[in-house]
Each structure stands twice: as C-alpha cells, then as structure tokens.
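K.L.:
Sharing a structure with you now.
The values are calculated or read from the model by the stated rules, or taken from the named source; none is laboratory data. Remember, it's a predicted structure, so these values are computed and weren't measured experimentally. We place every Cβ from the backbone using ideal geometry, glycine too, and count neighbours over all the protein chains shown.
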Amino acid sequence: MRAVVYRGVNDLRVETVPVPQIGKNELLVKVAVCGVCPTDIKKIHYGTVLPPRIFGHETAGTIVKIGSGISALLTKNSKLKIQNLKIGDRVALHHHVPCLKCHYCRHRAFAQCETYKRTGITAGFEPAGGGFAEYVRVMDFVLPGVVKIPARNSFEEGAMLEPVNTVLKAVKRLNLLRGDNVLVAGQGPIGLMFTKILQLRGINVLATDLLESRLKLAKKFGAKWTQLVESRETNGESKKKSALDPRPSTLDAAIIAVPSDAAVKQAIQLVRGAGQILLFAHTKRGDELKIDPSAICFDEKDLIGSYSSDFTIQKEVAQLVFSRKLDVRQLITHRFPLEKTADAIVLAGKPTEDSLKITVRRDSVEP
Ligand SMILES: [Zn+2]
Ligand SMILES: [Zn+2]
C-alpha cells in the first residue's frame, strides 16, 4: 500500500509499505480521510520523535477486516463498551483510549494514563496514528474508541471527532455560567470550535486573531465580539478597535488557542479575579514565561491547561458533530491527495487567509 513515511525532520516520503497484519482482537480499516493536526506538524518540524513513523490520527474509513476474537470482545461486559462492529462499517477512529482504572483515570486525568499514552493505531513502524496511509491496523485497547459514522454524515465529519473532543474536554475544565464572557485567542479550526461550543452553552465569546478572514468566520461561529490582533509577539492587541464592536468590560475566562506567550500574559491581566486562563496550544517543551504570581494567589486566577481528548465524552462529541450543531464541514478548506501529504503539512503549518482545517484523502470519493 501507499503510505507517507516520516524519515526525519521535515522529511516525508511517499513509500510502498506492507498492508498491516491484524491480530485476533484487531481491525483493519481502509482510510478514507485523515485530518492534519498541529501536534503532528510539530513532531515533523522539530523532529521530537524518532523516525520512521507514519503519522495522522484524525482518521475515518471503512472496516475491511475483523479479527476472529472481536465478537467475543463485543459481548464482554466491561466499562469500556465497544460498538457492534462489522465489515463495511464507516467509522471514526480514536488512537488513544484510557484504562479507566489507574490513579490518573480515577482523577479523570486521562491524558496522563499510561495506557492512554500508547498509540493504538498504526500503518507500520512505531505506532503513530497511521492515517497518512491507505490502511491502518486498530489494536484491541482502542476498540472502545471506534465510533460508527451515521449514513448521512461524511468521513470528514467523522475525522473531526478527535479534535472536537479535545476542545469539548477543555471547555469542561472551565467553571463557566451562562452569560459569562470568554476570550478565545486564535480563530484557527480549533479556536472556531471553541467559539461555537461556548456559544452553544450561552457564553459570550470575544474572538481574536491575526487574520481578518478568520474573525469574519468567528462571527458566523457565534462570537459576540471580534478583535484583530496585529502581532502577538510585539504589543498584543490592535489599535484598530472597532467602535461598533466594543469588547466586554469583564472577562470571566480566556482560552489561549495559539502558542503565544504574549497572549497568555495579556489574558492573565484581562481576566477578572477568580477567572481562569486555559492554555491549549503550548505543547512545545522548554519555553519560559514570566508571570506575576500574585495574580494567582491574591486575585485567585487559575492558570490551567488541557491536552488531548476525554474518551468518556465521546458520545456527546459525536452528537455535537453528527447533528451538525457544530458544523465541522465549514472548517475544512483544503483537501490533499495522500501523495501530497507533505504539501498539506506545509500549508497547515503556515496558514493563509483562506486556509483552516486541512485533510488528506486516500482517493477522490465522497468527502
Ligand atoms: Zn489531533
Ligand atoms: Zn488509566
């Protein structure tokens, strides 16, 4: 089969590799679509993991082979329910599933669970998602994360469950009440998902971005206020504040969906006492940020983070996406064939005025 193999920093090659063999409790899925995710881009740009690997973890496709032991697993009574799966099912995959038993899981810190940290989907080499290939092997411990895609929904919508899950999980980390004002810094695909999910919960969103085109979309996604930011690393907010669009007098929380330290500092100042500042995009290790700790002690502001997904909210995520209350179709602007995955990664790493979510597809069938 064809696969895009990571061979080193910024080195992705289209290669022919064997179709993965599956074990008795595993599935083989023919990939239809895989979303390009910033966490993969970082690994490719900075070489934070050893090659060779096949990336891509926002995967949807069709089950083409089922291991002989799966039917026994389906009837097993466990907390980790597996959907009734059969050959031909159109499914969305989840490459991380927690054990639900360990210390971290009992504290609902699923992303820290050892089982969760293992990647259960591969197209070969060290498991890394494998979505940038024609077929993936789905291991037994991630079977509870397999979600069937309703007939009316597309593979692309299925592929968006994973990123939407990470966003909904983060929203649930905030103590918000209807009518609260929340800053969402960054209106890329993730920021726009935040904006919409918050709006659906009755929250007033102040959306900021460097690109005017994204602010227009933020309005469509339910932002109450928008504000253009000139450059995050110089002095932050723009002076071009629109008189028609005043920002709220208080902010109850801030979500930083861009890896900008200036945005964090500014959010800590802007949020009212006892408000929360959530970091969503600061995944690169080794940076330092100077803050005034009295904002945390005296003003009782919480600086928190959220990473990756929460398996237990998957049903709610599927409902949100498949009902189109959060219509992810509007987020996908570019579709690349598998062979052009490297170009897709370059574009996703350097967004343009008209680019949002980028997907890679196996062939030009249905979206
Ligand atoms: Zn992702
Ligand atoms: Zn666990």
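K.L.:
What are the residues in region 103-122 that are within 15 Å of ligand 1 (Cβ to nearest atom) and either in contact with a strand residue (DSSP E or B) (Cβ under 8 Å, 6 or more places away or on another chain) or under 16 Å from V29 (Cβ atoms) (or both), if any?
P.N.:
T119, G120, I121, listed by residue number.
K.L.:
Do the conditions hold for K76, that is, is it away from ligand 2 (no atom under 16 Å from the Cβ) and either more than 21 Å from the chain's Cα centre (by Cα) or exposed (fewer than 15 other Cβ atoms within 10 Å of the Cβ) (or both)?
P.N.:
Yes.
K.L.:
Now, a different point. Applying the selection to region 31-60, what residues are within 16 Å of ligand 1 (Cβ to nearest atom), of a type in the set (G, A, S) and over 18 Å from E126 (Cβ atoms)?
P.N.:
G35, A60
K.L.:
If the Cβ limit is 7 Å and pairs must be 6+ apart or interchain, which residue in region 45-71 that is of a type in the set (S, T, N, Q) pairs with which residue that is within 16 Å of ligand 1 (Cβ to nearest atom) and at pLDDT below 95?
P.N.:
T48/K42
K.L.:
How many residues, within region 284-335, are aromatic (F, W, Y) and surrounded by fewer than 13 Cβ atoms within 10 Å (Cβ to Cβ)?
P.N.:
Residues meeting the conditions: 1.
K.L.:
Another question about this same structure. Of the residues L85, L27, L93, L74, which single one is in the same structural domain as K350 (by TED's automatic domain parsing) and without any contact (Cβ under 8 Å) to a residue 24 or more places away in the chain?
P.N.:
So the residue among L85, L27, L93, L74 that is in the same structural domain as K350 (by TED's automatic domain parsing) and without any contact (Cβ under 8 Å) to a residue 24 or more places away in the chain is L74.
K.L.:
Just wondering, is there one or more residues in region 160-173 that are surrounded by 24 or more Cβ atoms within 10 Å (Cβ to Cβ) and more than 30 Å from T226 (Cα to Cα)?
P.N.:
Looking for residues that are surrounded by 24 or more Cβ atoms within 10 Å (Cβ to Cβ) and more than 30 Å from T226 (Cα to Cα), one finds none in region 160-173, hence no.
K.L.:
Now a separate question. (1) under 22 Å from I54 (Cα atoms); (2) within 16 Å of ligand 2 (Cβ to nearest atom): which one isn't true of R106, the others all being true?
P.N.:
(1)
K.L.:
Please state which one of F125, F194 is out of contact with any Ser or Thr (no Cβ under 9 Å at 6 or more places or on another chain), touching a residue at least 40 places away in the same chain (Cβ under 8 Å) and within 16 Å of ligand 1 (Cβ to nearest atom).
P.N.:
F194
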